[in-house]
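To start, the structure itself, in structure tokens.
The values are calculated or read from the model by the stated rules, or taken from the named source; none is laboratory data. Just so we're clear, the structure is a prediction, and the values are computed from it rather than from any experiment. Backbone-built Cβ (ideal geometry, glycine too); neighbour counts: all protein chains shown. Side chains included, ligands, DNA and RNA excluded: accessible areas come from the protein's heavy atoms. Shrake-Rupley method; radii C 1.70, N 1.55, O 1.52, S 1.80 Å.
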Amino acid sequence: MGQAFVQPALLVPSIAFLAFVSAIAHAGCSAVEQDPWSQREACDGREDGAGGGYGPETGESKHHGVSPIVDEASLRLFSLSHTLPRIDLTVSEASEAALRADPRTYVAARFEFADSKGRVGPLEIGVRAKGRAGSYRSFDKKMAFKLDFNRLERGQKLFGLGKLNLNNMVQDPSGVREWLSYRIFGNQGVPVPRTGYARVYVNKVEFGVYLTLESTDDAGFLKRHFPSTSVLYEGGYGQDLFAGSEAEFEEDAGADPERIALRRLTNLLAQASAQDAYESLAVAVHWDEVIAAMATELFVGHGDGYALARNNYFLHFDGDGRVSLIPWGTDKTLTRARGLKEGSGLLFSACVGDSDCRRAYGFALGRVSRNAKEFLATDVEELRGLGARLAREMATESRSRHDPGLVRTRVEETIGFLESQISDVEALLGCPNDKHAAAYAD
């Protein structure tokens, strides 16, 4: 993806923002009294423009005025309501040798799918390895895969999908963190891929339980989430919106040979002052979605995402040349708090340096915290049930180093992480807790 660009001055939030959060942290509830609309509204959710929402199995987010499209057929890949489906990949000796020698290049394979509703296939597809330093595994271990149904047979799809990812979950001993983190993102109106689970076999050899993950560059994903797509870029480690770095981004969908929209954004970002970034960048940034994505990244502890690490993200430009942020690579989330008010992404630094944008960011943090609290109150048993089910399904795995007996423990740790993050958000925003609630009664 090229060398990382360094711009140290933008890696640290502005002095004004540090003073802002310090005042909140030390003043507690008095901050709400001094500015009742901005802080209390962020706590109780009465602000305008609250995020969208999505069904946990359909992954349908509401933004850009796009109506959710429920594809019943594809739910066979992403629903949790049926027996774990089985995916069989068959590769020839030549394809296996090629995959071992060059894991990033697609090779021919035969694909079959079976679940309680029947069988699909065989389909002739392209397959290659997926993952970088942390999640990559060799063919002899639990290799992750990218499947391209259209590579060998033009126009071929599986349940309307042209592509599919099979994540090996080697960095997630709970098995639930990607599923849950994308659910949390989606509940904020952030465009996210759908997820599910399947048991995968290669040449009749069991490789184990995998997360089925929709591809963000698939035409169906883009059509479902956006009214128009000009171009989609993938951001690699260290890449950010530095002027002059535009050629470093990998183009995954659409086309903009001159990278006009991307260059406009990088130039505007370079020229924006700390006081007017929110307004001056509005012509090129869907701020509501970008802020929701960044706030959720920090809430779920996505230390390998855009806001904190300039990694694992996609930039989507619509027909008007405005950008949205799509999160990716969430398998290490929900384990370690990374802070709620610091980050290195240029859009994040620009936002927290602008008082209006910082206020919108506070509202976004309040929303994600409230939604997480609601999830723990109403749906936490669904999470525990999924963990128990995965523990049973993983019991026969031989290629994973995770102990299935500890899955439930890791799930409980994930629940504890959410509870801790909710408390930290409420403390940051100065939200009244139960002990102080009477002081804020209308």
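The table below gives the values:
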item	result
Segment Asp403-Asp320, extension gain: residue separation times 0.36 nm, minus the distance between their alpha carbons	25.0 nm
Dipole moment magnitude, nearest 20 debye, region 72-160 about Cα centre, only Lys, Arg, Asp, Glu C-beta charged	340
Rounded percent of accessible protein surface that carbon and sulfur make up, region 309-442, 1.4 Å probe	45
Burial order of peptide ranges 185-198, 315-328, 288-301 (average beta-carbon count within 10 Å, highest first)	288-301, 185-198, 315-328
Cα-based shape type of region 118-208, given that a ≥ b ≥ c are square roots of the gyration tensor eigenvalues and the cut on a/c is 1.5	oblate
For peptides 219-229, 391-401, sequence by mean Cβ density within 10 Å, most packed first	219-229, 391-401
Inter-probe distance in nm under a simple model that places probes 7 Å from Cα toward Cβ, at Lys204 and Arg263	5.7
Stretch gain in nm, segment Glu374-Glu112, where the contour uses 0.36 nm per residue and the Cα spacing is subtracted	90.4 nm
C-alpha center-to-center spacing [region 176-209, region 282-309] in angstrom	21
Cα-centre dipole for region 235-340 with unit charges at Cβ (Lys and Arg positive, Asp and Glu negative), debye to 20	400
Partner lysines for Lys223 [C-alpha distance under 25 Å; skip if fewer than 8 residues away on the same chain]	Lys62, Lys130, Lys146, Lys157, Lys163
